[in-house]
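Inspection log for the structure reproduced underneath, given as structure tokens.
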Amino acid sequence: MDTFVESYDFEEITMIPFCTSSSSGIGRSGKILEENAESGKWLDGKRFGGNVSENDLREWISSL
């Protein structure tokens, strides 16, 4: 992911990092990606459990 964000132009793009995991959190991953990207608007990310439902994802997206 670091290599991707370093080489892509995110100007005028809003990025919202998210991940799924059964145990570990998202930590500073979103902030690190933002620092490496050096462009775009980056919002706080969110970690979902491995069994997240489509409805839960849709509700989160709607709340943004």
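Any read-out appearing in this document is the output of simple, stated calculations on the displayed coordinates, not a laboratory observation. Predicted, not measured: the structure shown is a model, and the values here were computed from it. Don't worry about glycine lacking a Cβ; one is built from the backbone with ideal geometry, like all the others, and counts go over all protein chains shown.
Over 10 Å from the mean Cα position of the chain (by Cα) and surrounded by 14 or more Cβ atoms within 10 Å (Cβ to Cβ): is that true of W42 in this structure? Judged against the criteria, W42 is not a match. For the range 3-10, check the following and say yes or no: at least one residue is of a type in the set (V, I, T), over 12 Å from the mean Cα position of the chain (by Cα) and surrounded by fewer than 11 Cβ atoms within 10 Å (Cβ to Cβ). Yes, the range 3-10 contains a residue that is of a type in the set (V, I, T), over 12 Å from the mean Cα position of the chain (by Cα) and surrounded by fewer than 11 Cβ atoms within 10 Å (Cβ to Cβ). Checked against (1) exposed (fewer than 10 other Cβ atoms within 10 Å of the Cβ); (2) within 15 Å of the chain's Cα centre (by Cα), L57 meets all criteria but (1).
Would you confirm whether any residue within the range 28-45 is over 19 Å from D56 (Cα atoms), in contact with a helix residue (DSSP H, G or I) (Cβ under 6 Å, 6 or more places away or on another chain) and in a loop (DSSP other than H, G, I, E, B)? No, that holds for no residue. Among the residues of the range 46-64 satisfying the criterion of being in contact with a strand residue (DSSP E or B) (Cβ under 8 Å, 6 or more places away or on another chain) and outside any loop (DSSP other than H, G, I, E, B), which is farthest from D9 (Cα to Cα)? Looking at residues that are in contact with a strand residue (DSSP E or B) (Cβ under 8 Å, 6 or more places away or on another chain) and outside any loop (DSSP other than H, G, I, E, B), I get D56. Restricted to the range 11-36, and to residues there that are more than 20 Å from F48 (Cβ to Cβ) and not acidic (D, E), the residue that is surrounded by the fewest Cβ atoms within 10 Å (Cβ to Cβ) is I13.
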